[in-house]
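Taking it in order: structure first as structure tokens, then the write-up.
Here, each number is a calculation from the coordinates, and none is a lab measurement. Keep in mind it's a predicted model, so treat the numbers as computed, not measured. Positions of Cβ are backbone-derived with ideal geometry, glycine not excepted, and every protein chain shown enters the neighbour counts.
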Amino acid sequence: MLCDRAMHRSSSRVGRGSSPVDRSLLLLFSSACLVLFGPASVQAQFHMEDSLRGSTMGDASGGTFGADGWTVTGVSDRIWYALPTLVSGSIEVTVANISNANLPLPDHEIMAMYEAGYGIGEPIRYAPEFRANHYKTLVRIYGTAEPARTGAMKFMWGACPSGAPGYDACDCASFFEEPFGGAEAWSGAPRRIRIEWGGGHSRLLRDGVELVSVDYTGFSFAPSALHFMLGSPRNDGGLSAMPIGAVFSDLVIDGTEGAVAMCPSVMLPDAGPVPDAGMCSGLDVAIADATAASWEPGVFPDASDLNVEGDGTTPNAIVYVRFPPVAGPVAAATLTMTTSTVPSAGGGSGVVCEVTGGTWSESTLTWATRPTVGTRCSGEARAVGPSTVVSWDVTPLVTPGHDVELAIVSSDTDGAHYLSRESGACTGAPRLEVTLLTGLDAAVVGADAAQVASDVGPIASLDAASSDGAVISMDARTSGDAGRGSIASGCGCRAAGAHPRGLAALGILALAAGIARRRRARR
């Protein structure tokens, strides 16, 4: 116990700015303790204090140090700290000079913690190393561009003991939640922000008041190399940025060290083959589905997740789905997808558009190679929750005799996460229900259907398109989640709440009238 206390009293004074002599003395002292007394019988306790006044023990990039603390001067300013494997602990810091005036964006991320072992270097990249990190922790303040959430704080907490490479898909059971709460108008006054974790529970507090908590019972928080950051790898001045002028001071980190957690050696039972083309309970399941995301330079790393979202103006994650060809004239077609069970899976549903150019495959689709999304769209955008079945009427987008290629797009910054064919099986995978017209001359119906499509026009036209034909503006949010049902103003589409099959019904009536006219002419 004597060694433990002396060791941690000494280690709390030895930071990144310490001399090699100081570090050598600490190593010599620890070795002597082991020789004289043997290994400690209790878990080691870690303690670190960094006032941030005038200097820092961490590795700083940007900002200035003064008598009040560390002041943010750039959107991507950050300080990171290397920590041991803390299986439980707390981190708290005082923030001042944060008000609605310097929270202009949807997100302002002020703290992060993550797995930094297995060759993950600093500065850590946002994608994929941080975004898909196995121990991703993030504290966010919503800005004025999120009017329904301005001033609230989000707490992301994840755990995956999968080992190398420390990010991407988890090889065993994993956990991730991102609750938010505590909306208020920030005044600029000093606030004490604290996160704490241990015993299967973590929580976020502001001035001693719990805002949100996460129950991760059954999962171990024990990364191989833990790094903590004031700031975030995602802060780029676009969707997210550090609050310019914010002042951070009096950082305190406490924790209990433990062993690195690893996946159990017992193999999990095989879930069986991935569903492919063919009928599944009367519905055609997608034969291919994938996400293309602007923040991923390569193929989207999680094949089980279909993520649709935007940057507030344009889509930056598009979901593509493919179904086998339809045999004949279509009376009605409905695309159905299911959101994931995790609480963060809810968000803006997006709308469905036709894919007009280019080819794609699940194994090679990237943001740079994504096919063109057309301006003819169907369905309606609305707010959806986790474990929710979501359907769109896509009748005008299905052409007989060709693969059905659809894209789900949204400009909503609160993206939705859908189950893929890998994760959803028959009941949750993307599926297309098609009702064919019967008893009619197929050739006549096909010709008249084309004329009807020309007469009716697109279900939802887009505000603009980029030079490469990608969708620019889709379901812009109004104030609050309740307003997410309307498409961007000026697009000439139906108002929120309009019956999604209305235009399809008008098209079928017009089709029937056209067929009647042609038959009368033949007589």
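May I ask for the distance between the Cα centers of segment 372-402 and segment 125-178, given as a whole number of Å? Computed from Cα coordinates, the inter-centre distance equals 28 Å. Using a 7 Å offset from Cα along Cα-Cβ at Ser55, what residues in segment 246-260 end up with backbone N under 20 Å from the label point? The answer is 248-253. Say R0 is 60 Å: what FRET efficiency, to the nearest 0.05, do Thr438 and Ser99 get from their beta-carbon distance? Efficiency at R0 = 60 Å is approximately 0.40. The modelled label-to-label distance between Ala148 and Thr73, using points 7 Å beyond Cα along the C-beta direction, is 3.9 nm.
Length gained on full extension, Ser304 to Asp236: 21.7 nm, using 0.36 nm per residue less the C-alpha separation.
FRET efficiency for His47 and Asp207, Cβ-Cβ distance as r, R0 = 30 Å, nearest 0.05? About 0.85, to the nearest 0.05. The order of the peptides 167-173, 369-375 by mean Cβ neighbours within 10 Å, most packed first, is 369-375, 167-173. The packing ranking, built from the mean of other Cβ atoms within 10 Å per residue, places the peptides 102-108, 60-66 in the order 102-108, 60-66, highest first. Each label was represented as a point 7 Å from its Cα along the Cα-to-Cβ direction; for Val342 and Val252 these points are 3.2 nm apart. Peptides 253-263, 347-357 ranked from most to least packed, by the mean per-residue count of other Cβ atoms within 10 Å: 347-357, 253-263.
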